[in-house]
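Note sheet for the following structure.
The values are calculated or read from the model by the stated rules, or taken from the named source; none is laboratory data. Please read all numbers here as calculations on a predicted model, not as lab measurements. Counting neighbours? That spans all protein chains shown, and the Cβs are built from the backbone with ideal geometry, glycine included. Ligands, DNA and RNA are stripped out before the accessible areas are found, and what is left, the full protein with its side chains, is counted by its heavy atoms. Shrake-Rupley method; radii C 1.70, N 1.55, O 1.52, S 1.80 Å.
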Amino acid sequence: MTTTTEPITPTAPRDTGALARWSAAMALSGTIGAVVLESGAQAPAVAFARCLVGGLLLVLWCAARGWLRPSALRIGRADLGLAVLGGVLLVGNWVLLFASYALSSISVSTVVYHTQPLLLVGLAALLLGERVTGSHLVRAVIAFGGVALISLGAHGSGGQPAGLGGIALALAAATLYAGASLIAKRLSHLRPHLLAAIQCTVGSVLLAPALLVAPLPADPGGLAWLVLLGTVHTALLYVLMYGSIGRLPTGTVALISYLYPVVAVLVDMLGYGHRLTLAEGIGMAAVLAAALTPRSGRCGTRTPGRRWRSAARRSP
């Protein structure tokens, strides 16, 4: 996953456009849970539709930009293998996250899912031997303390306590996404649109057999929601993200990323009658403060490509 190798010297209009695109992408991300629930489909079918529709559109986008020409398409067997593995993890993450919505709530699952940056640090330390700082440990303790508060105080649909199974699925989804992010870091020399297209293609093939037990909706309304998920919340969302992330400072990216969980909570409250308890609200604040706070002293030193990788860990 890369940005262009040429240095970027943004002008004011370009920065404004990048900010608008990143903000739109994060706001759209916050509505994914509602689209999943409104489709009425089971999680594997939803993930399949997202891969099929979104992947096809991303392939067409890459072709239109000339990125599929042999001279531009430089990917070896090792890179392709890693991309496929990343696709498996990414699609597994989607299935688990989508399944968690029905077992807890959109807001609970989304906020718990935002432990992924801290899980990524842990996986990098475990698998790559990267150093874990005291700051990371403190943030991890705060975040998972917040998850514990959410587990104790959150309410799901109908005012009933949120199922621990949904919270567990959201944590498992975050772990898989952290693994996919590690692989994406190894493939930072590939165009992110191309990598996303490969991973969606992998997901389509992998999830197709699941349609035998979790079929697509039979009604046009349910299918329309899935088409919306693939076009707007996948293809368009990724184009907006990748077209803006390298042009924004890390602090701005991290701050605007708060739109994702905030919009998800608002959608859950306004559309599905979710009401925050005090413990749940404190837990959510703890998770987001720990997981989305930029590392001090690092914002001014990251390259555009590194900025993209940092923020991509928080994308859906």
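Among the residues of the range 210-221, those identified as open to solvent by less than 80 Å² (accessible area, probe 1.4 Å), assigned to a helix (DSSP H, G or I) and either of a type in the set (A, V, I, L, M) or within 17 Å of residue 91 (Cα to Cα) (or both) are 210, 211. Only residues that are part of a loop (DSSP other than H, G, I, E, B) and among the aliphatic types (A, V, I, L, M) were counted across the range 50-76, and they come to 4. Looking only at residues of the range 105-150 that are under 21 Å from the mean Cα position of the chain (by Cα), in a helix (DSSP H, G or I) and β-branched (Val, Ile, Thr), we find that the one that is nearest to residue 271 (Cα to Cα) is 106. Being modelled with pLDDT under 90, over 19 Å from the mean Cα position of the chain (by Cα) and more than 22 Å from residue 72 (Cβ to Cβ) is a property that holds for residue 249.
Taking each residue of the range 238-253 that is under 17 Å from residue 199 (Cβ atoms) and looking for partners that are open to solvent by 30 Å² or more (accessible area, probe 1.4 Å) and in a helix (DSSP H, G or I) with beta-carbon atoms closer than 8 Å, six or more apart or interchain, yields 239/61; 241/21.
Scanning the range 37-88 for residues that are within 21 Å of residue 179 (Cβ to Cβ), open to solvent by 40 Å² or more (accessible area, probe 1.4 Å) and in contact (Cβ under 8 Å) with a residue 60 or more places away in the chain gives 75, 80, 82, 84, 85, 88. In this structure, residue 175 qualifies as under 16 Å from residue 97 (Cβ atoms), of a type in the set (Val, Ile, Thr) and surrounded by fewer than 23 Cβ atoms within 10 Å (Cβ to Cβ).
Test residue 170 against the criterion of being assigned to a loop (DSSP other than H, G, I, E, B) and either of a type in the set (Phe, Trp, Tyr) or under 21 Å from residue 35 (Cα atoms) (or both), and give yes or no.
Details: assigned to a loop (DSSP other than H, G, I, E, B): no; either of a type in the set (Phe, Trp, Tyr) or under 21 Å from residue 35 (Cα atoms) (or both): yes.
No, not satisfied.
Identify the residue in the range 244-278 that is of a type in the set (Ser, Thr, Tyr), part of a helix (DSSP H, G or I) and open to solvent by 30 Å² or more (accessible area, probe 1.4 Å) and, among all such residues, is nearest to residue 203 (Cα to Cα). It comes out as 272. Go through the range 222-243 and give me each residue that's open to solvent by 40 Å² or more (accessible area, probe 1.4 Å) and farther than 14 Å from residue 29 by Cα. Of everything in the range 222-243, those that are open to solvent by 40 Å² or more (accessible area, probe 1.4 Å) and farther than 14 Å from residue 29 by Cα turn out to be 223, 224, 225, 227.
Against the condition surrounded by fewer than 24 Cβ atoms within 10 Å (Cβ to Cβ) and within 15 Å of residue 233 (Cβ to Cβ), how does residue 121 come out, does it pass? Full working, then the answer.
Working: surrounded by fewer than 24 Cβ atoms within 10 Å (Cβ to Cβ): yes; within 15 Å of residue 233 (Cβ to Cβ): no.
In short, no.
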